[in-house]
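Working notes for the structure below.
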Amino acid sequence: MRILVVGGGPGGLFFSIVAKRCNPFHEIHVVEQNPEDATYGWGVAFTERAIAALRVDAPDIIDELISGQEWADRMEITVDNTTVPLLGFQFYRIGRADLLVLLQRYAAGEGVKLTFGQRVDSLSSRGEYDLVIGADGVNSSVRDLLAETLEPGVRLGSNWWAWYGTEQKFASTSLVFLRRPEGLVIGHAYGYSATRSGFVVEVTRSFFERCGLAGLGEEGSRLFCTELFADYLGGHPLLSNRTLWFQPKFVTCRHWSSGNVTLLGDALHTVHPSIGSGSRFAMRDAVALAHAVTECPGDAASAIALYERVRRPRADGFQQTALRSISWYEALADRDLGDPEMFAIEFAMRTGSVRWGEFRRRNKRLTRVFENPVPASAERRYRDEEQ
Ligand SMILES: Cc1cc2nc3c(=O)[nH]c(=O)nc-3n(C[C@H](O)[C@H](O)[C@H](O)COP(=O)(O)OP(=O)(O)OC[C@H]3O[C@@H](n4cnc5c(N)ncnc54)[C@H](O)[C@@H]3O)c2cc1C
């Protein structure tokens, strides 16, 4: 098939590699608006489960990706000055730039044509291809151009986010919740190399407005956030990489395709930075589409239909998980965080995807309160008061 992929992010590149490996006769052209060596963002986290799932289709790539990378088997939840470790949360942390460079190299090695520095703003050439894939991220032009048929929904989160880096080392994935008079602020930190950590700042709408963050600009916001989290940064500043405040978009599409055009990754549907799985979500879409294309040789319409049939139930389920995480974070603005240990447990259970038995087995000290039977004296007192 002749295939055009709009966007050379993790989703578009992984699709082109897996599809080419399944059938080297495909002619695949990836068009990316950024120059070859450009990237936004810092590091991204992959759970061990995500890595295992991706390894099935590209073991060499995934092994190279994680070799020598940062790995941790715990998270840390800090509420003001109290830190609670959560065991059994296994993550690899990888620089987004490293991920893209690796995928670009493998794609080129498979014979995929890569064009950088070119934006696709029209679908006038779609007739020249059997299949066109919009892998152009959360602000997808392909999705916008076909909005009438795809019927996308875009919901803006109420919290504001800014994605920084820092040279402060965070060995495990760390979340810092700070209660300030103007509202709640959250730092999401994770080391992804010997010298770098990603540090994402999330603030509630009321904090954003009361502190006038919209008017501070890139440098003013960086200095403000460095000051805000100074106690946790070990004297290191936050670093900007064109870092601007944004409200994460939650994207859905009622229909996944229009004629010979379909979407994948953030262009089609997002999860949320708070569950840190968008890259793997996009790469899993990519695998499903590549397999569908392989199973329906020369028949793009059937491949697209198969892709949606196979992938949609799982993807919709994962979006529900993301929605639970979004709601949990956004509701924090209006409530007391309470006891840090109970709060940390609540955090771990917020999406329903962590099994309580397994969590308890790994976090015996933290969950001891649920294991001890109610003392007989307390039970007697309760009974007496009830009568
Ligand atoms: C703060 C933050 C933290 C995150 N943390 C994690 C994490 O820990 N783990 C994780 O897995 N994910 C994380 N993500 C999400 C992850 O970055 C995305 O979900 C993922 O990159 C989606 O991949 P994609 O290929 O669909 O799109 P993208 O990575 O956005 O790639 C789309 C590509 O298309 C290009 N493009 C766009 N428009 C055009 C056009 N018109 N023509 C040509 N090219 C175009 C863009 O330049 C880009 O390279 C995070 C995101 C944010 C914002």
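Where a number appears in this text, it was derived from the coordinates with a stated rule and is not lab data. Given the structure is predicted, the values throughout are model-derived calculations rather than measurements. Ideal geometry is used to build each Cβ from the backbone, glycine not excepted, and the neighbour counts take in all protein chains shown.
Rounded to the nearest 20 debye, the dipole magnitude of the chain is 700 debye, with +1 charges on Lys and Arg beta carbons, -1 on Asp and Glu beta carbons, and the Cα centre as origin. Protection proxy ranking for 280-287, 94-101, using the average of other Cβ atoms within 10 Å per residue and placing the highest first: 280-287, 94-101. Mean separation of Cα pairs under 8 Å and 6 or more residues apart, divided by the residue count, gives region 1-128 a relative contact order of 37 percent.
Rounded to the nearest whole Hz, the Karplus-based 3J(HN,Hα) values (6.51 cos²θ - 1.76 cosθ + 1.60, θ = phi - 60°) of region 81-95 follow the sequence 10, 10, 10, 10, x, 10, 8, x, 9, 9, 10, 9, 10, 9, x, with x at glycine and proline.
Per-residue packing, averaged as other Cβ atoms within 10 Å, sorts the ranges 306-318, 202-214 into the order 202-214, 306-318, beginning with the highest. In the chain, helical runs assigned H by DSSP with n ≥ 4 each contribute -39500 (n - 2.57); averaged across all residues and rounded to the nearest 500, the mean residue ellipticity at 222 nm is -11500 deg cm²/dmol. Among beta bridges identified by DSSP and lying wholly in the chain, the antiparallel ones come to about 70 percent. Equivalent-ellipsoid semi-axes for region 76-233 (Cα gyration tensor, √(5λ), whole Å, largest first): 36, 23, 15. Over all other residues within a Cβ to Cβ distance under 9 Å of residue 190, the charged ones net out to 0, with Lys and Arg as +1 and Asp and Glu as -1. If you take the alpha carbon atoms of region 102-145 and fit the smallest convex hull around them, that volume is 102 Å³ per residue. How far is helix 300-331 tilted, in degrees, relative to the longest principal axis of the Cα atoms in the chain, given as a value from 0 to 90 rounded to the nearest 10? Roughly 20 degrees between the two axes.
Can you tell me what share of the DSSP beta bridges in region 1-107 is antiparallel? A percent to the nearest 5 is fine. Given both bridge residues lie in region 1-107, the antiparallel proportion sits at roughly 75 percent.
Going by alpha carbons, how many degrees (0 to 90, nearest 10) lie between the helix axis of 217-228 and the longest principal axis of the chain? Approximately 30 degrees, to the nearest ten. Each peptide among 326-337, 252-263 gets the average number of other Cβ atoms lying within 10 Å of its residues, and from highest to lowest they stand as 252-263, 326-337. Give, as ranges by residue number, the residues of region 308-323 whose backbone N falls under 15 Å from the point 7 Å along Cα→Cβ of residue 299. Correct set: 308-309.
Across the chain, the mean sequence separation of Cα contacts (distance under 8 Å, 6 or more residues apart), normalised by length, yields a relative contact order of 20 percent.
Principal-axis analysis of the Cα atoms of the chain puts helix 376-386 at an angle of about 80° to the longest axis. The equivalent ellipsoid of the chain has semi-axes of 40, 24, 21 Å, largest first, where each one is the square root of 5 times an eigenvalue of the Cα gyration tensor.
Here residue 249 is the anchor, and the aspartates and glutamates within straight C-alpha reach of less than 18 Å, apart from those fewer than 8 places off in the same chain, are 136, 144, 151, 202, 266, 316, 330.
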